[in-house]
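Before any comments, here is the structure.
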Amino acid sequence: MNKVAARAAALLVFVLILTGGLVFFLGEYIAGAEDWVMFAGSPHVYSGNKLGTGILTDREGELLTDLRSGRTYSEDALLRESMLHWTGDRLGNIHAPFMQTYAAQLLGFDPVNGLYSYGDSCGTVQLTLSAKAQKEALEAMGNKTGTVAVYNYKTGEILCAVTTPTYDPENVPDIAGDTAGKYTGVYMNRFVQSRYIPGSIFKIVTLAAALEATPGIEELEFTCSGTYEIGGGDITCMERHGKQTLKQAFRNSCNCAFAQVAEHVGREKLARYVALMGITDALSFDGVTTSAGNFEVADATPEQVAWSAIGQHKDQINPCAYLAFIGAVAGEGTGAMPYIVSQVTAGERTTYEVDVQKSDRVMTVETARVLREYMRNNVVDKYGAENFPDVEVCAKTGTAEVGGGKAPTATFAGFVADKDYPLAFIVVVEEGGYGRDACIPVASRVLKACMAAMDGI
Ligand SMILES: [Zn+2]
């Protein structure tokens, strides 16, 4: 009996080891199969050291890039230029991350049967960008330098995000020999990688902080004599705005009034709300990570705190992160996190589909409603509602002093208050002068193109 028991025990140990090994192997296989298949050098995936398969399309399925035989682009030169910072170039100066990020889904590798599901056809990454809106945006920017972007604040899809300057990847200009500065920073995706001094579009943030932190501030009156002394320094306006309500001060973009608003809020609360509202956060989606912004008032003088509250001093914003903040204002305190890849298909199979993500609540519904009312008042009372026919646009302009003898950066940010066209936008024009003159015509054209894209026109 002892012998039999000993054998049974040994057998049991053996079975346990075998089972344990199988479970371990299966676990490793399921967790790591895609990595093994995707290893650099896999002939299924790479030609040389470059990803050798996959098509990138716009939201309608229009071809942008085809990686199957080298790298080919759309036949439309304007589209190639407008999409360059998302499709990348052949030399790798502009990195487009989507194909790499979704390489496993593009191949449609199935860990159960070890097969690729695309068969003879190849995988497709579909972007949320509209080819038509991209082209319209590039034409509207003309020879201006900067970025214009529009996203749906209900779903998060980015319909348009154009960076200028750009060039045609099929006819690469002499960038190294560019002495006129026409191609300065051309390899940078300004929507994702840049940091700008925001100027007065930052007053939206200060106003939000004031409404949240200072009950009753809407009933106060703010006097502007053209100069406001604070901590021994002067905050200045281009003109004397006189006595104003908070709403009028916002419409006038009165620096003196907003210096007083900043005093009411105080540096700690201002910094806390800027952090809470995610203004300086780096966002990550679809293999893209945006540059973090900057807001620094801890060691600032009272005068510097005031300049920070009006979008100067050391303030820096990333256009994409700021767009997401505007989306939260538009969405009554919560927006949608931006994304740019809507789905990936491998043959007949959809291997990736976006999961819409709401942002955290960054302000109360009441604060967001007041911001909407004030931003709408800016458009009706100052910028001209006729620039945006048929839709209710709410917005704020900015003119950011950048120093160094350069003309100011013109900024413009806002949203469409319409359930059928829930679009938020941002326009930045470097050395553009006044936000109103440089940015409003661009925003007007691009919004119209994005609404048409939503209508499927
Ligand atoms: Zn003023």
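The values are calculated or read from the model by the stated rules, or taken from the named source; none is laboratory data. As the structure is a prediction and not an experimental result, all values here were calculated from the model. Neighbour counts are summed over all protein chains in view; Cβ atoms, including those assigned to glycine, are modelled from backbone coordinates with ideal geometry.
In summary, Arg376 fulfils each of the numbered conditions (1) surrounded by 15 or more Cβ atoms within 10 Å (Cβ to Cβ); (2) touching a residue at least 60 places away in the same chain (Cβ under 8 Å) with the single exception of condition (2). When residues in segment 144-184 are screened for being in contact with a strand residue (DSSP E or B) (Cβ under 8 Å, 6 or more places away or on another chain) and either β-branched (Val, Ile, Thr) or assigned to a loop (DSSP other than H, G, I, E, B) (or both), 17 of them pass. Scanning segment 408-457 for residues that are among the acidic types (Asp, Glu) and either touching a Ser or Thr at 6+ places or on another chain (Cβ under 6 Å) or over 30 Å from Ile310 (Cβ atoms) (or both) yields Asp420, Glu430, Asp455. In the set (1) within 16 Å of the ligand (Cβ to nearest atom); (2) more than 22 Å from Asn377 (Cβ to Cβ); (3) surrounded by fewer than 18 Cβ atoms within 10 Å (Cβ to Cβ), the condition left unmet by Leu220 is number (2).
The number of residues in segment 340-360 that are over 18 Å from the mean Cα position of the chain (by Cα) and surrounded by 15 or more Cβ atoms within 10 Å (Cβ to Cβ) comes to 7. Residues in segment 261-280 that are surrounded by 21 or more Cβ atoms within 10 Å (Cβ to Cβ) and within 16 Å of the ligand (Cβ to nearest atom): Val261, Ala262.
Taking every residue in segment 190-208 that is in the same structural domain as Lys269 (by TED's automatic domain parsing) and pairing it with any residue that is basic (Lys, Arg), at least 6 positions away or on another chain, the pairs with Cβ-Cβ distances below 7 Å are Ser200/Lys396; Ile201/Lys396; Lys203/Lys396; Ile204/Lys396. Figure legend. Inter-residue proximity from segment 239-252: first residues farther than 21 Å from Gly384 by Cα, second residues within 10 Å of the ligand (Cβ to nearest atom) and not in a strand (DSSP E or B), beta-carbon distance below 7 Å, spacing 6+ or different chains. Indicated pairs: Arg240/Ser225; Arg240/Gly226. For segment 225-249, a tally of residues being within 16 Å of Trp307 (Cα to Cα) and either within 11 Å of the ligand (Cβ to nearest atom) or touching a Pro at 6+ places or on another chain (Cβ under 9 Å) (or both) returns 12.
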